[in-house]
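Peer 1: Can you read through this structure? Questions will come right after.
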Amino acid sequence: CESLIEFLSQRTGTDLKCIEDSTFMRWSGLLYGEDDGRGKLHWLPPAGRERTTCSFGQQICPVCLAEDEMPYLRLEWRLGFMTACERHCVSLVDRCPNCAEPLYILHAQRNSSGVRCWKCSFDYSHAEQGEVLDLQTFRQQGHLKKVLAEGWGELGEYGHVHALLYFRILSMVFRLLATGRFSLAMRLHIARSGGYPPPSGIPRIKEVENLNPRCRRELLRMACGLMEDWPHRFLGVCRSISLAPRHLIRDPAATPFAFWDAVRGNLAEPIRVMGAEEMASACWVAQKRGKRKTRNELLELIRVKTKQIDLHADPSTQHLPYGEGRYWKLDGVSPEIRRAAKLAASREGENVGAWVDKALRKVTGYLNVK
Ligand SMILES: [Zn+2]
Ligand SMILES: [Zn+2]
């Protein structure tokens with residue numbers, strides 16, 4: 001860390017003491033508990049490249065850098081919940097626009113001026129960035145900075161909580177929204193009840209801290225929204241998709257009380273053993289409602305996945321045997337060509353896929369390959 005401080009001092013021309021006062025140490029005990037150099041620091045992810053592992057923890061605002069007389073990195077650009085520059089209303093940049101490498105400041109040393117990509121020497125002050133004009137983003141970002149500065153945050157029913165716990169809960173909620181098998185359902189539910197389209201194009205990665213600023217911004221917007229009236233909105237979302245405490249709490253010892261208590265006290269564990277009688281009455285209810293007792297219909301009624309459903313459910317008509325009723329999905333093919341291909345295929349008594357395969361083989365000369 002000391003060599004980094006010295007490096008930054010040389011790099012930015014700032015007084016050594018001044019930088020020492022403004023290292024990550026100031027967030028110790030507020031943003032993260034103990035930094036033994038091994039564990040992951042919530043909201044302060046690593047930056048750079050370690051063999052094949054890329055970490056995108058260092059962000060920059062290209063406009064700030066372009067304006068700087070002596071370009072330097074702002075400490076807050078390292079915070080995972082920062083996604084946009086408040087001064088310039090642009091998204092932060094966390095990877096080289098030219099070669100997609102993460103910012104790796106320690107290795108960029110050899111470049112003479114400005115902040116440049118360690119690999120291709122791209123000058124980051126030239127990076128183009130989309131505008132961020134979403135007021136909510138700046139409001140939430142400002143709020144989180146205030147929590148960090150003051151050392152506590154307001155957490156709905158639980159009142160004032162220590163910043164460390166506040167950020168830990170935020171990271172748990174963020175993680176639930178970003179990855180795992182419930183993330184999509186949660187996002188859809190929140191977007192629907194908020195009346196806006198669900199965030200799209202969020203890659204399914206486990207290292208959620210490596211999501212780019214745009215993805216983090218959209219997920220943080222949701223996560224902060226859930227923190228606002230803790231735990232009510234959060235519990236509402238969990239109930240809507242039938243989440244139970246065991247889905248939400250993996251490690252009780254590492255779970256802050258305000259999360260643990262809200263979840264354990266308000267969400268019921270579903271009945272795991274489903275008797276034949278309950279199944280029979282679910283089937284009866286479905287039929288009484290004039291619906292077929294398909295798997296989805298029964299699941300909707302019982303809200304617990306159980307083998308009993310598969311034993312009692314009628315086969316769904318949506319699942320036709322292979323080759324029947326399947327639609328042909330090929331982006332970029334015009335509707336009239338699709339229609340013509342379907343017609344030609346049915347004329348030849350073939351399913352569309354097989355027919356297209358044959359036709360393309362003819363055109364590309366791959367006739368004899370298969
Ligand atoms: Zn800026
Ligand atoms: Zn590059």
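Peer 1: What does the extension gain come out to for ALA149 and ASN266, with contour length at 0.36 nm per residue minus their alpha carbon separation?
Peer 2: Working: separation 117, 0.36 × 117 = 42.12 nm, distance 3.17 nm.
Residue separation times 0.36 nm, minus the Cα-Cα distance, leaves 38.9 nm.
Peer 1: Please work out the FRET efficiency for the pair ALA340 and THR52, using the Cβ-Cβ distance as r and a Förster radius of 41 Å; give the result to the nearest 0.05.
Peer 2: Numbers: r = 47 Å, r/R0 = 1.14.
Efficiency for this residue pair is about 0.30.
Peer 1: For helix 163-178, report the angle its Cα long axis makes with the longest principal axis of the Cα atoms of the chain; keep it between 0 and 90° and round to the nearest 10°.
Peer 2: 40 degrees
Peer 1: Put +1 on the Cβ of each Lys and Arg and -1 on the Cβ of each Asp and Glu in the chain; which of ALA191, VAL285, PHE81 then has its Cα farthest toward the positive end of the dipole?
Peer 2: Result: VAL285, furthest along the dipole toward the positive end.
Peer 1: Could you work out how far helix 183-194 tilts from the main Cα principal axis of the chain, as a 0 to 90 degree angle to the nearest 10?
Peer 2: Around 90 degrees separate the two axes.
Peer 1: Give the residues of segment 46-64 whose amide nitrogen is closer than 14 Å to a point set 7 Å from the Cα of ARG87 in the direction of its Cβ.
Peer 2: Residues 60-64 qualify, since their backbone N sits under 14 Å from the label point.
Peer 1: Moving on to the next point. In degrees, nearest 10, range 0 to 90: what is the angle between the Cα axis of helix 335-347 and the longest Cα principal axis of the chain?
Peer 2: 40 degrees
Peer 1: Please compute the length gained on full extension between LEU184 and CYS99, using 0.36 nm multiplied by the number of residues separating them and subtracting their Cα-Cα distance. Intermediate values should be presented prior to the final figure.
Peer 2: Details: separation 85, 0.36 × 85 = 30.60 nm, distance 3.00 nm.
27.6 nm is the gain from fully extending LEU184 to CYS99.
Peer 1: Same structure again: Using a 7 Å offset from the Cα along the Cα-to-Cβ direction at both ALA253 and GLU278, what is the distance between the two label points in nm, to one decimal?
Peer 2: 3.3 nm
Peer 1: Using square roots of five times the C-alpha gyration tensor eigenvalues, list the equivalent-ellipsoid semi-axes of the chain in whole Å, biggest first.
Peer 2: Numbers: eigenvalues 430, 229, 58 Å².
Its equivalent ellipsoid spans semi-axes of 46, 34, 17 Å.
Peer 1: Given +1 on the Cβ of Lys and Arg, -1 on the Cβ of Asp and Glu, and no further charges, what dipole in debye does the chain carry about its Cα centre, rounded to the nearest 20? Intermediate results must be reported in sequence, preceding the final value.
Peer 2: Details: 53 positive and 43 negative charges, 414 e Å.
Result for the chain is approximately 2000 debye, rounded to the nearest 20.
Peer 1: Count the net charge of all other residues whose Cβ sits under 13 Å from the Cβ of GLY153, scoring Lys and Arg as +1 and Asp and Glu as -1. Mind dumping the intermediate values first?
Peer 2: Working: positive: LYS145, LYS146, ARG168; negative: GLU150, GLU154, GLU228.
It works out to a net charge of 0.
Peer 1: Calculate what fraction, in whole %, of the accessible area of the chain sits on carbon and sulfur atoms when a 1.4 Å probe is rolled over the protein chains. If you can, show how the numbers build up before the last one.
Peer 2: Working: 11470 of 21870 Å².
Reported share for carbon and sulfur atoms: 52 percent.
Peer 1: Per residue, how much accessible area does the chain have with a 1.4 Å probe, in Å²? The partial results should precede the final answer.
Peer 2: Working: 21870 Å² over 370 residues.
Per-residue accessible area for the chain comes out at 59 Å².
Peer 1: Around TRP152, which amide H atoms from residues at least 5 apart in sequence, or from another chain, sit under 5 Å from its own amide H, with H modelled in the peptide plane?
Peer 2: ALA163
Peer 1: Next up: So how compact is segment 224-296: Cα radius of gyration and Dmax in angstrom?
Peer 2: 16.7, 48
The values are calculated or read from the model by the stated rules, or taken from the named source; none is laboratory data. Computed from a predicted model, the values in this text were never measured in an experiment. Backbone-built Cβ (ideal geometry, glycine too); neighbour counts: all protein chains shown. The accessibility values were calculated without ligands, DNA or RNA, using every heavy atom of the protein model including side chains. Shrake-Rupley method; radii C 1.70, N 1.55, O 1.52, S 1.80 Å.
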